[in-house]
Amino acid sequence: MDVALDFLPRLGEDVSFKILESLKNPSELIHASCVSRSWHQFVVRNGLCKQMCLKKFPQLSEVDHVKEPSSCEKVIAEAGPSNSLHWENLQREHRVFAFLAYCCAKPIISECVAAAISASSTDNYPEESIENTLEKRDRVGRLASYWSSKGSKDPSAPEKLIYRLAGDLCIVTEICIQPFQAYFHEGYPIYSANSVRFRMGHPKGSMDILEYQMDWEGNERTDEKFTWTYTSPKFSMSQENCLQTFKLPEPVLCIGGVLLIELLGRVQRQEIDGLFYVCVTHVKVLGRPLSPAFGVRMLEPEGKFELRVHRYDPEVLKETRNALDATAMQKRILNMLQANLIGVNYMLGEDQNDEEQDEPDDEEEW
């Protein structure tokens, strides 16, 4: 087959979709959309960059529409089937989700907690405030740094800690928690929980998240002011004085920038009053903030949100505009098919029953 001939239109819509959908790297899909006018139209028309993002992060299914910065450099794209408003919207979605896929693929892991919001209870405020859990030192001066719940006669009583993440959009991969060991109590007891669970979401309504950072003594109904869009499975917590890592089954895109830590059950009774407590020394969240490049605007009460690009990376814009050599990209796709798919000749319209058909001698014949 002559690679100078655009083979994609010959395969039909379904087969072409399957081929390009199999591209896993965002850069490869962006490059494929730059090969030719027909390839660009196909990628944009079928929303392949959006589909790639949805597969990785199902939370994006609640995107109502996307918005680009009004001051951004206008991306000059191949003309679509028409100059309709619908095509312009498809082009915009293609650029936004291509940029999002590109940013999500970066292997950069960092700490993601920006601030503590509230705890469901606090034993001695402010000495044992939730803010202490963000202190990297176990002690500040001669005082231990930790958060403590109020005591309870019920060992199954839960506690909740709420944090603000470093951005409206944040990819979270794991959460680390260190229970507190009371070195000033006889026997050095460790006040861990039985298990933990995590929720992620956003404030309800249009109020700014900072407006919820007001009741440091705790309010058991504080979390009702938030909508949780993700809930993790339960993880067992060890009664050990160490930073315990809880890795999520898959990376999660937190939409709205709020993390809830549920501490489920208590294992340690305090000798002084006979009540059960749970105490935490450190909390650390690892992942990848997508701000300031991205932001969201919640659309209540629908539960949808507007996905915003505040600023584009100039290198990504350049990549989306630069057309690659059509022969090289088509050859790459064909080699991928040859290595991974059965029945390529059938899809290309060749006769599979011709047993005497010559095989290509090397890659150049493709």
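Would you pick out the residues in the stretch 130-148 that are in a loop (DSSP other than H, G, I, E, B) and either buried (at least 20 other Cβ atoms within 10 Å of the Cβ) or in contact with a Leu (Cβ under 9 Å, 6 or more places away or on another chain) (or both)?
The initial filter retains those residues of the stretch 130-148 that are in a loop (DSSP other than H, G, I, E, B), namely 135-138, 141-142, 145-146.
Once the filter is applied, which keeps residues that are in a loop (DSSP other than H, G, I, E, B) and either buried (at least 20 other Cβ atoms within 10 Å of the Cβ) or in contact with a Leu (Cβ under 9 Å, 6 or more places away or on another chain) (or both), the stretch 130-148 yields SER145, TYR146.
Looking at (1) surrounded by 12 or more Cβ atoms within 10 Å (Cβ to Cβ); (2) at pLDDT 95 or above, which is the one condition that is false for ASN241?
The failed condition is (2).
Checking PHE226 against (1) at pLDDT 90 or above; (2) surrounded by fewer than 22 Cβ atoms within 10 Å (Cβ to Cβ); (3) not aliphatic (A, V, I, L, M), only one condition comes out false. Which one?
The number of the failed condition is (1).
Okay, residues lined up against (1) in the same structural domain as THR281 (by TED's automatic domain parsing); (2) farther than 21 Å from LEU253 by Cβ; (3) under 24 Å from the mean Cα position of the chain (by Cα); (4) in contact (Cβ under 8 Å) with a residue 12 or more places away in the chain:
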residue	(1), (2), (3), (4)
GLY141	yes, yes, no, no
SER149	yes, yes, no, yes
PRO155	yes, yes, no, yes
LYS160	yes, yes, yes, yes
CYS170	yes, no, yes, yes
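Can you name the residue in the stretch 110-129 that is hydrophobic (A, V, I, L, M, F, W, C) and touching an Asp or Glu at 6+ places or on another chain (Cβ under 9 Å) and, of all such residues, is surrounded by the most Cβ atoms within 10 Å (Cβ to Cβ)?
Pass one, the stretch 110-129, residues hydrophobic (A, V, I, L, M, F, W, C): 112-117, 119.
Now drop any that are not touching an Asp or Glu at 6+ places or on another chain (Cβ under 9 Å), which leaves 115-116, 119.
On the way: ALA115: 14, ALA116: 20, ALA119: 31.
Only one residue fits best here, namely ALA119.
Is at least one residue of the stretch 308-320 assigned to a strand (DSSP E or B) and modelled with pLDDT of 65 or more? Outline the logic, then answer.
Of all residues in the stretch 308-320, those assigned to a strand (DSSP E or B) come to 308-309.
From what's left, modelled with pLDDT of 65 or more: 308-309.
Yes.
For the stretch 149-205, how many residues are aromatic (Phe, Trp, Tyr) and either buried (at least 22 other Cβ atoms within 10 Å of the Cβ) or closer than 30 Å to GLU302 by Cβ (or both)? Step through it out loud before you land on a result.
Taking the stretch 149-205 as the starting set, the residues that turn out to be aromatic (Phe, Trp, Tyr) are 163, 180, 183-184, 188, 191, 198.
Going one step further and asking which of them are either buried (at least 22 other Cβ atoms within 10 Å of the Cβ) or closer than 30 Å to GLU302 by Cβ (or both), we end up with 163, 180, 191, 198.
Final tally of qualifying residues: 4.
The values are calculated or read from the model by the stated rules, or taken from the named source; none is laboratory data. Not measured: the values here are computed from a predicted model. Neighbour counts run over all protein chains shown; Cβ positions are idealised from the backbone, glycine included.
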